Amino acid sequence: MKRTLTPENKHIAILWGGDSGERLVSAQTADAISDALLDMAYTPHLIDLCNNWQAQIYNAKPGFVFIAAHGGIGEDGTVQHQLELLGYPYNGSGVMACSFAWDKGTAKEHFAAAGLDVAGEIRTTTDELPMLADETPTSPMVVKPAQGGSTQGITLVDNANDWPKAHARLMDANATDVLLEEYIPGRELTVAVLEDPHTGPRVLGVMEITLPALQGIYTEQQKYDSERHGHRVPTDLPEFVMKKLERDALAAHKALGCRGLTRIDFRYDEASSRLVALELNALPGLTPSSLCTDIAARQGYSMSDLIHALIQDGLWQQQHHQRKTA
């Protein structure tokens, strides 16, 4: 029988916000988590990462800390490290896994080492991009920040006129490190993986992101605008592709040492049957329109069910860590 773990008290701190470009998405995630915690008779405390959050947590003395931040210190391992020093259990992946996932190039190195197919890339900086653009072939490629989420600053470059637009978007996203990545044509697929403290990670579900025909990539605006994009279960994928998709998603999750809930993005080129792992989100959004929320709901998970599962894994992870270091 599985043992249900219980926080030391019913007060749950929700860390959200901060000064990243994903602050608005973080606020929506935090609100959804707060509502779910209230439904489970917990007392949520919303704490903005911009407002001396360590002191606020110390004063609140929560039984658990739920990280609802997106981007910046909430996803790169900084907050996770601080919480471990403070001794609080939290949801999701640990310090190193978050650090690996945060840098897309580093994540792909781990994917490749685990046997996954990844897109070729050139690594550069925003400052060097204009000079590099003159030397780079104009075949389609994706220009994107090496760190960050919500597809901020991303551009599909398929002719010389797209380079200035790509540079401007990177500047708007305050990107420093940049990836010029091989463009993989085909279908955009994403897989949610959920950790069970008793049995390990399992695939929660697969979703296809339907894109406007001329766009070619999944942009930040489309991600949070339900009128411009859709999610659908890809029932027409061959069985061998579905099995490989699930197998590769689990391999990616394990390759970075992740915990909790992760979302791994893929491209599938039907013409070549090539399935390419793009990146892993170690702290995916849980807004009403988020991909993981949609996937979980289609598997019968309410938001409360999902939050409960993440709290269970976070508590187990702290206990396991304490046992290993005792």
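Determine if the range 293-310 includes at least one residue that is of a type in the set (S, T, N, Q), under 25 Å from T43 (Cα atoms) and touching a Ser or Thr at 6+ places or on another chain (Cβ under 9 Å).
Yes, the conditions are met somewhere in the range 293-310.
Consider G115 carefully, then state whether it is in contact (Cβ under 8 Å) with a residue 12 or more places away in the chain and in contact with a Gly (Cβ under 8 Å, 6 or more places away or on another chain).
It is false that G115 is in contact (Cβ under 8 Å) with a residue 12 or more places away in the chain and in contact with a Gly (Cβ under 8 Å, 6 or more places away or on another chain).
Got at least one residue in the range 96-116 being assigned to a loop (DSSP other than H, G, I, E, B), farther than 28 Å from L250 by Cβ and not charged (D, E, K, R)?
Checked the range 96-116: no residue is assigned to a loop (DSSP other than H, G, I, E, B), farther than 28 Å from L250 by Cβ and not charged (D, E, K, R).
Looking at this structure, is G153 part of a loop (DSSP other than H, G, I, E, B) and under 20 Å from the mean Cα position of the chain (by Cα)?
yes
Select, from M96, M131, the only residue that is surrounded by fewer than 20 Cβ atoms within 10 Å (Cβ to Cβ) and at pLDDT 90 or above.
M96
Can you confirm whether T43 is within 18 Å of the chain's Cα centre (by Cα) and either at pLDDT 90 or above or in the same structural domain as T262 (by TED's automatic domain parsing) (or both)?
no
So that you can scan it fast, the table gives a plain yes or no per residue for (1) in contact (Cβ under 8 Å) with a residue 60 or more places away in the chain; (2) part of a loop (DSSP other than H, G, I, E, B):
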residue	(1), (2)
S272	no, yes
L286	yes, yes
S289	yes, yes
I295	yes, no
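So in the range 30-63, with the set limited to residues that are in a loop (DSSP other than H, G, I, E, B) and either of a type outside the set (A, V, I, L, M, F, W, C) or in contact with a helix residue (DSSP H, G or I) (Cβ under 6 Å, 6 or more places away or on another chain) (or both), which one is surrounded by the fewest Cβ atoms within 10 Å (Cβ to Cβ)?
For the range 30-63, the residue satisfying everything is N51.
I'm checking my understanding of the structure. Among residues of the range 264-284 that are under 13 Å from the mean Cα position of the chain (by Cα) and acidic (D, E), which one is surrounded by the most Cβ atoms within 10 Å (Cβ to Cβ)?
Top of the filtered list is E279.
Whether any residue in the range 64-87 is surrounded by fewer than 20 Cβ atoms within 10 Å (Cβ to Cβ), closer than 30 Å to P197 by Cα and touching a strand residue (DSSP E or B) at 6+ places or on another chain (Cβ under 7 Å) is what I want to check.
No: zero hits.
Which of the residues belonging to the range 67-77 are closer than 17 Å to R259 by Cβ, of a type outside the set (D, E, K, R) and in contact with a Ser or Thr (Cβ under 9 Å, 6 or more places away or on another chain)?
A68, A69, G74, G77
Can you pull out every residue in the range 117-150 that is of a type in the set (D, E) and in a loop (DSSP other than H, G, I, E, B)?
Result: D117, D127, E128, D134, E135.
Just for the range 220-263: of the residues that are out of contact with any His (no Cβ under 7 Å at 6 or more places or on another chain) and among the β-branched types (V, I, T), which one is modelled with the lowest pLDDT?
In this case the residue turns out to be T235.
Please give the number of the condition G153 fails out of (1) farther than 28 Å from V241 by Cα; (2) modelled with pLDDT of 90 or more; (3) in contact with a strand residue (DSSP E or B) (Cβ under 6 Å, 6 or more places away or on another chain).
The single condition G153 does not satisfy is (2).
The values are calculated or read from the model by the stated rules, or taken from the named source; none is laboratory data. Bear in mind the structure is a predicted one, so any value in this text is a computation, not a measurement. For neighbour counting, all protein chains shown are included, and Cβ atoms are generated from backbone atoms with ideal geometry for every residue, glycine included.
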